[in-house]
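What follows is a short report on a single structure.
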Amino acid sequence: MAVLAMDLGGTKLAVAVFSPTGILLSNEVVELDNRQGNAVGALITGMAQQAIAAQQATDMPVQAIGISVPGINHQKEGTVWAPNIPGWDAYPLLKEVKQVSGNIPVIIESDRACYVLGEQWQGNAHGCKDVIFLAVGTGIGAGILVNGKVLRGAHDIAGAIGWMALQQPFRSQYVDCGCFEYHASGEGIAKVVKALLAAEPSYNGVLRQQPVEQISARDVFAAYDKKDVLATTVIQSCITYWGMAVANLVSLFNPQKIIFGGGVFGPATALIPAIKAEALKWAQPISMQLVSVEATALNGSAGIYGAGFLALQESRPS
């Protein structure tokens, strides 16, 4: 048998087939090309049909489907809220996929839950039951594993730590994304730099050498590597925020590991020792001494591996 894994992001869809032992048999990435609403759903169901048919022609037909989605999966309703996909406020993804999967079971999870499950299955959290995957990309979220189970919360929203309050007073910029995400996500880093550039006309460093509207977090890290003063100020601030977040998570959950991933880690991976040093100032001391803070072993593939793991679990007799 085989299982089908699908990882939906804000700009692309990854589709993979795994063997029962976790071997990646095939992997394909399709750009969303500005698709919205039903068009994204049609892409998912079309790719699912294609993969099911391809595997049916082999001796390893698809036995289950796992799907990672970038937002909130409402398990009871079978609907998905995905803020980066217009028209996905309560999208009936489970119903649509089941219409093409037939008797093949389908399970859907949030991307942050899939990240931590993928890392537990074939990454740096292998063998761990209490792990937090801190995903820092365009936004910030956390996949939380407690005693081997994904923590979902009462309404499937647990892990939305971009809204973690790490600064006072409250600012209007926090309304749409939260304090932590505003200051220390990929998009947040770019926003903070742009605001500083506007406020400091005398600055004439590396980040003045390109149109301000084009500046990304990657540009800020490149400037940081060149010891640019403004970039250093912003990244040092991020280290503080990331460290405080780690401290709060360690004090709350007492995990074995905290694993950083997402597009920012990436270039921020080298900062993990400094982040842990910052966390040591704030966290419950015994728990902080015992936790391991690491980078992902799966890079951008944690979501697809997590979806594959879900499908394998769903395909096995209970």
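The values are calculated or read from the model by the stated rules, or taken from the named source; none is laboratory data. Computed from a prediction, not measured in an experiment: that's the story for all the values here. In this analysis, Cβ positions are derived from the backbone assuming ideal geometry, glycine residues included, and neighbour counts consider all displayed protein chains. With ligands, DNA and RNA removed, areas are computed over all heavy atoms of the protein, side chains included. Shrake-Rupley method; radii C 1.70, N 1.55, O 1.52, S 1.80 Å.
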Exercise. Mind checking whether some residue in segment 278-296 is in contact with a Ser or Thr (Cβ under 6 Å, 6 or more places away or on another chain), closer than 20 Å to Trp121 by Cβ, outside any helix (DSSP H, G or I) and open to solvent by less than 10 Å² (accessible area, probe 1.4 Å)?
Worked result: no
For this session: Write out, first by first residue and then by second, each pair whose Cβ atoms fall under 9 Å of each other, whose residues are 6+ apart or on separate chains, and whose first residue, in segment 135-149, is at positive phi while the second is among the β-branched types (Val, Ile, Thr) and modelled with pLDDT of 95 or more.
Result: none
Seminar exercise, completed: Considering residues that are out of contact with any Leu (no Cβ under 7 Å at 6 or more places or on another chain) and open to solvent by less than 40 Å² (accessible area, probe 1.4 Å), the number found within segment 235-244 is 4
Problem set entry | Those residues of segment 250-275 which are under 19 Å from Ser237 (Cβ atoms) and crowded, with 21+ Cβ neighbours inside 10 Å, in sequence order | Phe260, Gly262, Val264, Phe265, Ala268, Leu271, Ile275
Exercise. Within segment 45-73, which residues are part of a strand (DSSP E or B) and either closer than 26 Å to Thr21 by Cα or open to solvent by 50 Å² or more (accessible area, probe 1.4 Å) (or both)?
Worked result: Val62, Gln63, Ala64, Ile65, Gly66, Ile67, Ser68, Val69
Problem set entry | Matching option when the condition is free of Cβ contacts under 8 Å to residues at least 12 places away in the same chain, open to solvent by 10 Å² or more (accessible area, probe 1.4 Å) and in contact with a helix residue (DSSP H, G or I) (Cβ under 7 Å, 6 or more places away or on another chain), among Tyr305, Tyr224, Tyr203 | Tyr224
Problem set entry | Which listed residue, of Ala154, Ala142, Ala125, Ala135, is within 28 Å of Cys179 (Cβ to Cβ) and open to solvent by 70 Å² or more (accessible area, probe 1.4 Å) | Ala154
Exercise. Do we find that Gly118 is within 30 Å of Ala53 (Cβ to Cβ), at pLDDT 95 or above, of a type outside the set (A, V, I, L, M, F, W, C) and buried (at least 21 other Cβ atoms within 10 Å of the Cβ) in this structure?
Worked result: yes
